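**Student:** Got a structure for you, questions after.
The values are calculated or read from the model by the stated rules, or taken from the named source; none is laboratory data. Please read all numbers here as calculations on a predicted model, not as lab measurements. FYI the Cβ positions are ideal-geometry reconstructions off the backbone, even for glycines, and counts take in every protein chain you see.
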Amino acid sequence: MSRRLTALVANTVICATALLATPALAARYGAELDPAPFDATTRPILIGSIGSVSATLTGNTLAIHGAFSNLTSNATDGSVRIGLAKGVPGEAIGTLVVTHAREGDFSGMLKLSSAQLAALKKQSLYVRIDSEKAPDGNLQGWLEETGN
């Protein structure tokens, strides 16, 4: 092989390796937080609450930030949860730091397994905020890719 061809092949391999080693751009997700499902007895507790969440996926790490307002009692906990499909409630897979007030913000970071990454891509991960009067969920929203 000529030196020129060898150099060309070497440069091609180096460029291809550099492209493969470049981290992928972060994917962005978001959701509006709406009142958790309610019945006639819990409607007055949940109906006016609202919030939003944004999340950034870098590699397998999901960084979450959001805000809420109009709760009828102080927020107590926040979690990232996984359901079988969008709209189907499920178990907590991570916790969030939440302002313990009727209005505030929340945040957290979570390393996702390959199964959890797949669930995120099919919109089966959601955020839930609990409150004193609604310990089983005051607000919730399923994460969807925003494309931003």
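**Student:** Restricted to segment 103-138, and to residues that are closer than 17 Å to Thr58 by Cβ and among the polar types (S, T, N, Q), which residue is surrounded by the fewest Cβ atoms within 10 Å (Cβ to Cβ)?
**Tutor:** Ser114
**Student:** Another question, then. With the requirement that a residue be surrounded by 15 or more Cβ atoms within 10 Å (Cβ to Cβ) and either at pLDDT below 95 or more than 14 Å from Val127 (Cα to Cα) (or both), what does segment 77-102 give you?
**Tutor:** Answer for segment 77-102, where residues must be surrounded by 15 or more Cβ atoms within 10 Å (Cβ to Cβ) and either at pLDDT below 95 or more than 14 Å from Val127 (Cα to Cα) (or both): Pro89, Thr99, Arg102.
**Student:** Anything in segment 26-55 that is within 23 Å of Ser114 (Cβ to Cβ), surrounded by fewer than 16 Cβ atoms within 10 Å (Cβ to Cβ) and at pLDDT 95 or above? List them, or say none.
**Tutor:** Arg28
**Student:** Which residue pairs have Cβ atoms under 6 Å apart, sit 6 or more places apart or on different chains, and have a first residue in segment 44-59 that is touching a residue at least 60 places away in the same chain (Cβ under 8 Å) and a second that is acidic (Asp, Glu) and part of a strand (DSSP E or B)?
**Tutor:** Ser52/Glu32
Conditions (1) among the acidic types (Asp, Glu); (2) in contact with a strand residue (DSSP E or B) (Cβ under 9 Å, 6 or more places away or on another chain); (3) touching a residue at least 12 places away in the same chain (Cβ under 8 Å); (4) at negative phi, marked per residue:
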position	(1), (2), (3), (4)
Gly78	no, yes, yes, yes
Arg81	no, yes, yes, yes
Glu91	yes, yes, no, yes
Leu96	no, yes, yes, yes
His100	no, yes, yes, yes
Lys122	no, no, yes, yes
Leu125	no, yes, yes, yes
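**Student:** Restricting attention to segment 116-134, which residues are of a type in the set (A, V, I, L, M) and under 14 Å from Arg81 (Cβ atoms)?
**Tutor:** Correct list: Ala119, Leu120, Leu125, Val127, Ile129.
**Student:** Check whether at least one residue in segment 126-135 is farther than 26 Å from Asp39 by Cβ, of a type outside the set (A, V, I, L, M, F, W, C) and within 15 Å of the chain's Cα centre (by Cα), and report yes or no.
**Tutor:** So in segment 126-135, the residues farther than 26 Å from Asp39 by Cβ come out as none.
Taking every residue of segment 126-135 in turn, none turns out to be farther than 26 Å from Asp39 by Cβ, of a type outside the set (A, V, I, L, M, F, W, C) and within 15 Å of the chain's Cα centre (by Cα).
**Student:** Hey, another quick one. How about segment 95-144: which of its residues are outside any helix (DSSP H, G or I) and small (Gly, Ala, Ser)?
**Tutor:** Of all residues in segment 95-144, those outside any helix (DSSP H, G or I) come to 95-113, 122-144.
Within segment 95-144, Ala101, Gly104, Ser107, Gly108, Ser113, Ser124, Ser131, Ala134, Gly137, Gly141 qualify.
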